[in-house]
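Here is the structure we will look at, set down as structure tokens.
The values are calculated or read from the model by the stated rules, or taken from the named source; none is laboratory data. A quick note: this is a predicted structure, and the numbers were derived from the prediction, not measured. Note: ideal-geometry Cβ built from the backbone for every residue, glycine included; neighbour counts use all protein chains shown. Side chains included, ligands, DNA and RNA excluded: accessible areas come from the protein's heavy atoms. Shrake-Rupley method; radii C 1.70, N 1.55, O 1.52, S 1.80 Å.
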Amino acid sequence: MTGRNRVTPTGEIEAFALRGAWTGNRGILHSGREIVRFHASDLWITCALEFRGRWRAQWLPNRWTPLYFHDEAVAFAAGHRPCGECRHQDYRAYRDAWAEESRVPQPSAKEMNRQLHSERLFRGTHRRRFHELPWAGLPDGVFVLRDGVPALVIDGHLTEWTREGYGARRPRPKAGTAMVVTPPSTVAVLRAGYPVQVDDGARR
């Protein structure tokens, strides 16, 4: 039986069989083998599946809860950023792109955590925030909602995401505004050229 440790683009933690290209965490979310909270702090990161031979069993008591993401685009949509330890090079690229696109000094990890947290959740709740942004400015790798379904902006079209992987393609609107799932600060990072990892199924 698949454990409840997979993350959807909207940030929900669910049980489905789709394999993850990345792991990550939001702190200690479990008691026994059950998820009992949505997050433990504003530190939401995406980690490599393997780092220097380290391996962590699932559901260890009083240890952070490993979560799994289909690809990095899903992790970004859910509101996570690259880990500064096991993905140091990616972390620096993300931070540098943030500073470049926003025209600000390089932010600290704490500053990015705080900003992302304000963009992904309504303050004081676990309700996800979505953002209306112009279609014209959305780079590849961003998730939007179309008729309530998460879809990835990629190669001039939209590819719907399902719990079995990427599915149907849809035309990408050229005008108007989109309901964007990916936090705006990460949208800016992608616009600046961060090379987000996307599963090959999104382009088929």
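A few remarks follow.
- Region 159-187, subset over 13 Å from residue 78 (Cα atoms) and of a type in the set (Gly, Ala, Ser), residue surrounded by the fewest Cβ atoms within 10 Å (Cβ to Cβ): 175
- Members of region 152-177 that are assigned to a loop (DSSP other than H, G, I, E, B) and within 20 Å of the chain's Cα centre (by Cα): 155, 164
- Residue ID - nearest to residue 92 (Cα to Cα), chosen from residues in region 18-39 that are without any contact (Cβ under 8 Å) to a residue 24 or more places away in the chain and assigned to a loop (DSSP other than H, G, I, E, B): 37
- In region 4-38, residue surrounded by the most Cβ atoms within 10 Å (Cβ to Cβ) [restricted to those that are more than 23 Å from residue 85 (Cβ to Cβ) and β-branched (Val, Ile, Thr)]: 8
- Test: residue in region 39-50 that is under 18 Å from residue 116 (Cα atoms), open to solvent by less than 10 Å² (accessible area, probe 1.4 Å) and either among the β-branched types (Val, Ile, Thr) or at pLDDT 95 or above (or both): yes
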